[in-house]
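Chemist: Could you have a look at this structure, given as structure tokens, before my questions?
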Amino acid sequence: MRPTKLIVVLAVALMSLPGLAWAATPDSRRLEGQLPDNAPVVSLAQPRGTVLDALSAIAKQTGWSLVVTAPESVTTRPLTIQVSKRPAGEVLDMVLEAGSLRASFADGVLRVRSDEPAKSADSWRERRRERRGRHGSERVVFGQSLTIGADETVDKAVAIGGSVTVAGHVRRDAVAIGGSVTLLPGASVGGDSVAIGGTVSVAEGATLEGDNVSLGGAIPTTVGSMTRWVVGGPHMLSTFRFASRLMRAVLVLIIALLIAVAFPGAVTRVGAYLVDRPGFSALAGVAVLLGFVPLCILLGVTIIGIPLIPVAVMLLVALFLFGFTVSAAWLGERLPFLREKTPVKAVALGSVVFVLVGLIPWIGTPALILAAAFSAGATLLSRFGRTPAVAV
């Protein structure tokens with residue numbers, strides 16, 4: 001090879017080295033495209049927020065249009081950032097890196113997408129655990145109160161038989177059935193705050209973007225107390241003191257006697273239905289017992305269904321009280337006491353036995369609930385004694 005050609009080849013190789021090195025090195029910048037030369041400086045003061053909040057703030061200060069196609073689980077990651085008068089491209093790159101995002105810019109439109117490289121199975125499991133953990137989509141509890149911590153972000157917060165306390169972020173609604181909703185300083189609720197049988201309290205510094213719905217007063221508060229009594233969870237089994245159990249048992253006995261006096265025929269017919277169809281009655285009672293909480297959850301997540309929750313609670317209480325009366329009548333008729341038994345005497349005798357059983361710690365209350373549930377199923381299927389059973 002002639003010296004002239006050799007010099008030309010070496011020169012071309014040397015000129016190509018920077019390009020080859022650039023192609024072999026991964027791009028550290030997450031932005032594709034050229035930002036305008038007159039892009040302004042931006043400032044971000046975000047002590048608490050998400051990646052999407054930071055992107056929206058950048059777009060607002062620069063006047064760019066923002067299009068985000070990344071999954072919500074990525075854009076809602078918590079992000080704390082404090083930047084003062086820095087170039088928009090530099091700040092944007094920091095936010096994209098924090099959210100594992102990439103973006104492209106053209107014609108004044110900033111398009112943000114998730115990072116293209118496939119994530120490993122371990123990272124996928126980690127993200128799934130994260131979504132189900134502090135940043136789960138929904139938080140629903142029953143028989144207890146619910147607290148959303150300051151570092152938590154959820155879609156909905158629902159407590160049935162308890163109160164809701166929000167110190168973090170709820171993107172949609174916060175609902176308490178049988179309790180109150182409290183928004184602490186710095187908390188935010190993007191939808192409505194609803195309390196049935198309680199109040200909604202919004203502290204200074206908290207943000208409520210939707211409606212404040214508080215159903216207090218005598219009737220809703222009574223319904224709230226009924227809700228806590230029906231779905232009160234573990235406290236119904238262990239933490240009630242003896243005096244409370246005794247007062248409740250005596251109150252139920254009095255109500256059962258009143259039902260027996262007012263509706264003796266219906267009590268007799270429901271008892272006959274229970275005897276003729278014990279299997280169907282038991283299944284219906286268990287369905288009522290297990291389906292009440294999901295029903296309240298479905299009603300509680302919409303404003304239209306919320307007014308129906310007190311109706312559902314009162315219907316459930318009516319079913320169980322009537323069912324308790326029927327079970328007491330059935331038991332009283334089979335006890336070897338009193339030769340001539342009227343429906344009222346049978347209910348009184350059976351109720352006394354149930355009261356004594358209900359005073360037994362741990363097992364008394366569950367036994368009464370099951371006894372009332374089976375008869376409540378017969379009450380529901382027979383429409384409170386209007387539909388007679390056909391013996392098979």
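The values are calculated or read from the model by the stated rules, or taken from the named source; none is laboratory data. Quick caveat, the model's predicted, so the values are computed rather than measured. Methodologically, a virtual Cβ is constructed for each residue, glycine included, from the backbone with ideal geometry; neighbour enumeration extends over all protein chains shown. Side chains included, ligands, DNA and RNA excluded: accessible areas come from the protein's heavy atoms. Shrake-Rupley method; radii C 1.70, N 1.55, O 1.52, S 1.80 Å.
Chemist: Out of all the residues in the stretch 20-36, is one or more β-branched (Val, Ile, Thr) and either at pLDDT 80 or above or in a loop (DSSP other than H, G, I, E, B) (or both)?
Modeler: Within the stretch 20-36, one or more residues are β-branched (Val, Ile, Thr) and either at pLDDT 80 or above or in a loop (DSSP other than H, G, I, E, B) (or both).
Chemist: All but one of (1) at pLDDT 85 or above; (2) at negative phi; (3) surrounded by fewer than 16 Cβ atoms within 10 Å (Cβ to Cβ) hold for Asp93, so report the exception by its number.
Modeler: Against the list (1) at pLDDT 85 or above; (2) at negative phi; (3) surrounded by fewer than 16 Cβ atoms within 10 Å (Cβ to Cβ), Asp93 comes up short only on (3).
Chemist: Right, something else. On the basis of being over 34 Å from the mean Cα position of the chain (by Cα) and open to solvent by less than 50 Å² (accessible area, probe 1.4 Å), does Gly332 make the cut?
Modeler: Numbers: over 34 Å from the mean Cα position of the chain (by Cα): yes; open to solvent by less than 50 Å² (accessible area, probe 1.4 Å): yes.
It is true that Gly332 is over 34 Å from the mean Cα position of the chain (by Cα) and open to solvent by less than 50 Å² (accessible area, probe 1.4 Å).
Condition check ((1) part of a loop (DSSP other than H, G, I, E, B); (2) among the basic types (Lys, Arg); (3) touching a Leu at 6+ places or on another chain (Cβ under 8 Å)) across all residues:
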residue	(1), (2), (3)
Gly162	yes, no, yes
Thr165	no, no, yes
Arg172	yes, yes, no
Val175	no, no, no
Gly179	yes, no, no
Thr182	no, no, no
Gly186	yes, no, no
Gly191	yes, no, no
Ser201	no, no, yes
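Chemist: Follow-up. Are there any pairs with C-beta distances below 6 angstrom linking a residue in the stretch 267-287 that is within 17 Å of Leu368 (Cα to Cα) to a residue that is surrounded by fewer than 21 Cβ atoms within 10 Å (Cβ to Cβ) and not β-branched (Val, Ile, Thr), with the two at least 6 apart or on different chains, and if so which?
Modeler: Ala284/Leu380; Ala284/Leu381
Chemist: Taking the stretch 53-78, which residues are within 17 Å of Thr153 (Cβ to Cβ), at pLDDT 85 or above and either among the polar types (S, T, N, Q) or open to solvent by less than 20 Å² (accessible area, probe 1.4 Å) (or both)?
Modeler: Ala54, Leu55, Ser56
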